[in-house]
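The values are calculated or read from the model by the stated rules, or taken from the named source; none is laboratory data. Remember, predicted model here, so these are calculated numbers, not experimental data. Neighbour counts run over all protein chains shown; Cβ positions are idealised from the backbone, glycine included.
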Amino acid sequence: MPKHSIRENMLATRKHMAAATCLSTSLRAQERLVLTDSFRAARTIGLYSPVMNEVFTEMIFEVACRDNKVVVYPRVLGGDLQFVHVQNKHEMGKGAFGILEPTGQDICPASAVDFFIIPGVAFDVSGHRLGYGKGFYDRALHGLPDRGVLAGLCFDFQLLPQLPVEEHDVQMDLIVTERRAIDTGKRSAVRHSFT
Ligand code: ADP
Ligand code: MG
């Protein structure tokens, strides 16, 4: 099935999740994520602001702040993503595509992020990711030297056996849902600099 058909089907299914289900299932997925070794070891976390029934991230933000991690969120800058340090949710405002973005200027190079938490429309068990079709994360993360761990966060129904892949698609090291955390084996889960 081509990428655009999978996107349409998956977005339609996710749109119909009841708000209460989205909230409770998101909590379970976040609980699983914050328990992974690579999240616990990371000092700088790349997080996202959820839209359109993506897994919520509020709890991850709270746990990261409590553990004195640096949390950065993406901001759209032309066709690229810029990551900005956020200490308080008041430092966010509506940005491109109606997504909450950081308003501050404490910019963090993507190469300094230890652990990226990445939303998606669908993922597969090998770590391939399907986004909204604009390739933002592919461009931001492709070819980063010594990059951090890439963790796809999604509901279990978004995790498929196999997705179509193109050469520019970045592959996740870890996929976390409310049911499972899969190390895709693409690299050691924790890079040398913080072991
Ligand atoms: P998504 O990852 O959002 O599902 P796609 O993988 O279909 O979207 O990518 C959308 C477009 O983004 C691609 O057709 C390509 O033009 C562009 N793109 C992705 N990665 C890169 C890159 N590293 N450099 C330049 N363009 C890219
Ligand atoms: Mg892609």
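What to note about this one:
- Annotation: of all residues in segment 12-26 being in a helix (DSSP H, G or I) and either surrounded by 15 or more Cβ atoms within 10 Å (Cβ to Cβ) or at pLDDT below 95 (or both), the one that is nearest to ligand 2 (Cβ to nearest atom) is Arg14.
- If the condition is being in contact (Cβ under 8 Å) with a residue 60 or more places away in the chain and outside any loop (DSSP other than H, G, I, E, B), then segment 140-155 contributes Ala140, Val149, Ala151, Leu153.
- Among (1) of a type in the set (Lys, Arg); (2) touching a Gly at 6+ places or on another chain (Cβ under 8 Å); (3) over 20 Å from Gln30 (Cβ atoms); (4) within 16 Å of ligand 1 (Cβ to nearest atom), the one test that Lys186 misses: (4)
- Those residues of segment 142-164 which are surrounded by fewer than 22 Cβ atoms within 10 Å (Cβ to Cβ) and under 17 Å from Leu47 (Cα atoms), in sequence order: Arg147
- Checklist (1) modelled with pLDDT of 95 or more; (2) touching a helix residue (DSSP H, G or I) at 6+ places or on another chain (Cβ under 9 Å); (3) charged (D, E, K, R) applied to Lys89, failing item: (1)
- Candidates are the residues of segment 165-183 that are more than 21 Å from Asp80 (Cα to Cα) and either modelled with pLDDT under 95 or under 12 Å from the mean Cα position of the chain (by Cα) (or both); the one that is surrounded by the fewest Cβ atoms within 10 Å (Cβ to Cβ) is Thr177.
- Contacts under 9 angstrom Cβ, first residue in segment 157-174 being within 26 Å of Asp114 (Cα to Cα) and of a type in the set (S, T, N, Q), partner part of a loop (DSSP other than H, G, I, E, B) and within 15 Å of ligand 2 (Cβ to nearest atom), 6 or more apart: Gln158/Gly120; Gln158/Val121; Gln171/Ser126; Gln171/Gly127; Gln171/His128; Gln171/Val165
- Condition check for Leu47: touching a Ser or Thr at 6+ places or on another chain (Cβ under 7 Å), at pLDDT 95 or above and at negative phi: yes
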